[in-house]
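So the structure is just underneath, and the comments pick up after that.
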Amino acid sequence: MASLEEIRLARLDKLNLLIKKGINPFPTKTNQDYTNIEAVEKFEEISSSGKSIHLVGRILSLRAQGKIVFFHFDDGSEKFQALLKSGEAISDENFELFEQCFDIGDFVEVKGILFLTKKEEKTILAEEVRMLSKSLRPLPEKWHGLTDIEERFRRRYLDLISTEGVKERFVVRSKIIALIREFYVNKGFVEVDLPNLQPLAGGATAAPFTTHHNALGMDFFLPIAQELYLKQLLAGGMNKVFEIGKRFRNEGIDTTHNPEFTMLESNEAYVDAEDQRKFVEELFRYVVKGVFGKLKFEYEGQTIDFETNFKVMKYPDITDEEYKRDLRSSLIQPTFLVDYPVSANPFAKRKDDNPDLIDRFQLIIAGTELVNAFSELNNPIDQKERYLEEDKKGKKGNKEISPSDLEYLEAMEYGMPPNGGIGIGIDRLVMLLTNTQNIKEVILFPTLKPRGEN
């Protein structure tokens, strides 16, 4: 069996042969009359016309039988079959060129007439096959794919081709984000763009990533959260705002954590946590219905039910370890955890009937935290006291704090309306709705160590 380098050298020879024959292996112009899925859907109409059309795509399989060659090619919309018969439709010269220079992995343009084979497979009888992009490395074998999981994530472009279901999962991810955005816009929210270079890492309790700006001669932080900027917009009269964007937290990596992740954050004036629970419940039903066409779906062999009202449960007086080990993992159906201690979040408003608790909730589904939300603190005096407590933790070496932000406090002193804030982990939501157990499977290019590092 030829080595990878031997295959590469052989393909370089084919590339040079094309060039010697005056053929550009990487032409600029592409002729495409229909996508492959359109050719499938409009097959009767196109084939009955008897006209030649141009289809394009990457060769995925190829089998030769003497002077006959069948190959399948995929343009990203659908796989389609082509037939080459030497001396019939295609010239002997073009047929010979195909045999000499074309391989699985090449991108091609096929000109021909559509017809049905004896096995009733929709096929294009090639009159001409033109090279669009010559591949120099072989694709992974379809039946083996990429067996090394790290290599799957590292070379996602090959993973999308060779591993069943991967491309479809990311198509669903895109649909989920589109449904969320659609829901928010229909509710009157304005989508905003917020800075990714921030002078302070605030809005959540997490260790940040630091970078340096040469011209200003100062360090900046990548966002761990955007809620402080969103709430400043509320102070300025923008009552419903949201952002879907990247967040960066300098923390460990496991099946539900990646240092770079996608989050939705929103703030709405004149609502509290109870209002936000209703909003979240409606949002999740909207997304689930949009993805599945129904309100029940399977996750890890269990039916997750969105038809019934979400459960509401008070956060118990237990340690963080007990919560993660015992309580959280036991919550399979959608459950809101409410009534957290003040120490749990420096930006949540105290409950009117019990100032030792904050008006906060988290949504747990299938043992995973998907939503964090609360009635936002708009009292600058209380906020300053909370900041001082965070600063004390920082002086003791705790890196996962939200330090005092004097500019934010100043904005609060100008007056900030009562409001509710929501944070939703997009990656974890995609995991749930695609029945996936590793966050790396729903991030196209997850954070990995460079090759060769232990």
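Data for the structure
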{"item": "Hits in the range 21-51 - residues which are within 22 Å of Lys122 (Cβ to Cβ) and among the hydrophobic types (A, V, I, L, M, F, W, C)", "result": "Ile37, Ala39, Val40, Phe43, Ile46"}
{"item": "Selection count, the range 81-103, where residues are modelled with pLDDT of 95 or more and in a loop (DSSP other than H, G, I, E, B)", "result": "2"}
{"item": "Any chance Leu357 is in a strand (DSSP E or B), over 34 Å from the mean Cα position of the chain (by Cα) and modelled with pLDDT of 95 or more", "result": "yes"}
{"item": "Test: Leu264 is more than 24 Å from Lys384 (Cβ to Cβ), surrounded by 17 or more Cβ atoms within 10 Å (Cβ to Cβ) and assigned by TED's automatic domain parsing to the domain that holds Met416", "result": "yes"}
{"item": "One residue from Ala82, Ala89, Ala126 being touching a residue at least 24 places away in the same chain (Cβ under 8 Å), small (Gly, Ala, Ser) and over 22 Å from Phe26 (Cα atoms)", "result": "Ala89"}
{"item": "Matching entry among Tyr408, Tyr340 (being in the same structural domain as Tyr286 (by TED's automatic domain parsing), part of a helix (DSSP H, G or I) and among the hydroxyl-bearing types (Ser, Thr, Tyr))", "result": "Tyr408"}
{"item": "Of residues in the range 297-318 being under 22 Å from the mean Cα position of the chain (by Cα) and not in a loop (DSSP other than H, G, I, E, B), the one surrounded by the fewest Cβ atoms within 10 Å (Cβ to Cβ)", "result": "Glu298"}
{"item": "Cβ pairs under 6 Å, 6+ apart, first in the range 93-104 and closer than 20 Å to Arg137 by Cβ, second part of a helix (DSSP H, G or I) and basic (Lys, Arg)", "result": "Cys101/Lys14"}
{"item": "The listed residue being among the aliphatic types (A, V, I, L, M), in the same structural domain as Ile124 (by TED's automatic domain parsing) and closer than 14 Å to Glu128 by Cβ, out of Leu83, Leu17, Leu12, Leu60", "result": "Leu83"}
{"item": "Any hit, the range 36-44, residues being surrounded by 14 or more Cβ atoms within 10 Å (Cβ to Cβ), in contact with a His (Cβ under 6 Å, 6 or more places away or on another chain) and assigned by TED's automatic domain parsing to the domain that holds Asn94", "result": "no"}
{"item": "Identity of the residue in the range 387-405, of a type outside the set (Phe, Trp, Tyr) and assigned to a helix (DSSP H, G or I), that ends up farthest from Gly203 (Cα to Cα)", "result": "Lys395"}
{"item": "Every residue from the range 63-80 that is of a type in the set (A, V, I, L, M, F, W, C), surrounded by 15 or more Cβ atoms within 10 Å (Cβ to Cβ) and within 18 Å of Met131 (Cβ to Cβ)", "result": "Val69, Phe71, Phe73, Phe80"}
{"item": "Residue pairs meeting the criteria (Cβ under 6 Å; at least 6 apart or on separate chains; first more than 11 Å from Arg350 (Cα to Cα) and without any contact (Cβ under 8 Å) to a residue 60 or more places away in the chain, in the range 372-393; second among the small types (Gly, Ala, Ser) and buried (at least 17 other Cβ atoms within 10 Å of the Cβ))", "result": "Asn372/Gly423; Tyr387/Ser404; Asp391/Ser404"}
{"item": "Residue list for the range 253-286, filter: polar (S, T, N, Q) and in a helix (DSSP H, G or I)", "result": "Gln276"}
{"item": "Yes/no for Glu322 being modelled with pLDDT under 95 and farther than 26 Å from Tyr387 by Cα", "result": "yes"}
{"item": "Whichever residue in the range 319-364 is under 16 Å from Gln276 (Cβ atoms) and of a type in the set (Phe, Trp, Tyr) and, among such residues, is surrounded by the most Cβ atoms within 10 Å (Cβ to Cβ)", "result": "Phe361"}
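Residue-by-condition table, conditions (1) part of a loop (DSSP other than H, G, I, E, B); (2) closer than 22 Å to Ile443 by Cβ; (3) of a type in the set (A, V, I, L, M):
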residue: Ala204; (1), (2), (3): yes, yes, yes
residue: His212; (1), (2), (3): no, no, no
residue: Leu216; (1), (2), (3): yes, no, yes
residue: Leu228; (1), (2), (3): no, no, yes
residue: Met238; (1), (2), (3): yes, no, yes
residue: Ile244; (1), (2), (3): no, yes, yes
residue: Glu251; (1), (2), (3): yes, yes, no
residue: Val288; (1), (2), (3): no, yes, yes
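Conditions (1) more than 28 Å from Ile364 (Cα to Cα); (2) not hydrophobic (A, V, I, L, M, F, W, C), marked per residue:
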{"site": "Glu385", "(1), (2)": "yes, yes"}
{"site": "Ser402", "(1), (2)": "no, yes"}
{"site": "Tyr408", "(1), (2)": "yes, yes"}
{"site": "Gly415", "(1), (2)": "yes, yes"}
{"site": "Asp427", "(1), (2)": "no, yes"}
{"site": "Met431", "(1), (2)": "no, no"}
{"site": "Thr436", "(1), (2)": "no, yes"}
{"site": "Val442", "(1), (2)": "no, no"}
{"site": "Phe445", "(1), (2)": "no, no"}
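The values are calculated or read from the model by the stated rules, or taken from the named source; none is laboratory data. The structure displayed is predicted, hence computed values, not measured ones. With ideal geometry, Cβ positions are generated from the backbone for all residues, glycine too; neighbour counts draw on all protein chains shown.
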